[in-house]
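One structure is given here, and the rest of the page talks about it.
The values are calculated or read from the model by the stated rules, or taken from the named source; none is laboratory data. Quantities reported herein were computed from a predicted structural model and do not represent experimental measurements. All Cβ positions, glycine included, derive from the backbone under ideal geometry; neighbour counts span all protein chains shown.
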Amino acid sequence: MGLVESLPPRPLSAKELLDLNRSEVFELASPIEEEGDASAVILATESWVKGLVFDGESGGDGEGDGDGWTVVETVSLAERERIDGLRACEDAILAFRGDSPDVVDGEGRGDDSGDADGDVDSAAK
């Protein structure tokens, strides 16, 4: 049985996420910006990170046949850091939902340079 087939045909409860985190299969199971049941999760093992979305309208196969989970991103950790894989999966989940991955909860991802206004030199002159 594959990963998607092993998930219930509905969003995951908090208890189910805890159970996934406690399992020996996954090192991380985390919801994406959810309160209540999680319809988007990131799952990680030692070798990969996957972003999954529950799409009750299209069933994950694009045919519109009902509930289902869709893997929207898979990142191998063979040559990438885990944090990069987590961010790529989160961005893919947000894009799948039609949300901008650049702005999450009103905060831009930015370039992490610490330059909030983009022009430090002009302020110093």
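Criterion first (exposed (fewer than 12 other Cβ atoms within 10 Å of the Cβ), modelled with pLDDT of 90 or more and out of contact with any strand residue (DSSP E or B) (no Cβ under 6 Å at 6 or more places or on another chain)) does Glu81 satisfy it?
Working: exposed (fewer than 12 other Cβ atoms within 10 Å of the Cβ): yes; modelled with pLDDT of 90 or more: yes; out of contact with any strand residue (DSSP E or B) (no Cβ under 6 Å at 6 or more places or on another chain): yes.
Against the criterion (exposed (fewer than 12 other Cβ atoms within 10 Å of the Cβ), modelled with pLDDT of 90 or more and out of contact with any strand residue (DSSP E or B) (no Cβ under 6 Å at 6 or more places or on another chain)), Glu81 qualifies.
Looking only at the range 17-32, count every residue that is in contact (Cβ under 8 Å) with a residue 12 or more places away in the chain and not in a loop (DSSP other than H, G, I, E, B) and tell me the total. Spell out how you get there, then give the answer.
In the first step, residues of the range 17-32 are kept if they are in contact (Cβ under 8 Å) with a residue 12 or more places away in the chain; the result is 17, 20, 25-32.
Filter once more, so that each one left must be not in a loop (DSSP other than H, G, I, E, B): 17, 20, 28-31.
Total meeting the criteria: 6.
Give the residue, chosen from Ala92, Ala44, Ala88, Ala40, that is modelled with pLDDT of 95 or more, more than 22 Å from Ser6 (Cβ to Cβ), small (Gly, Ala, Ser) and surrounded by 11 or more Cβ atoms within 10 Å (Cβ to Cβ).
Working: Ala92 fails: more than 22 Å from Ser6 (Cβ to Cβ); Ala44 fails: more than 22 Å from Ser6 (Cβ to Cβ); Ala40 fails: more than 22 Å from Ser6 (Cβ to Cβ).
Within the list Ala92, Ala44, Ala88, Ala40, the selection yields Ala88.
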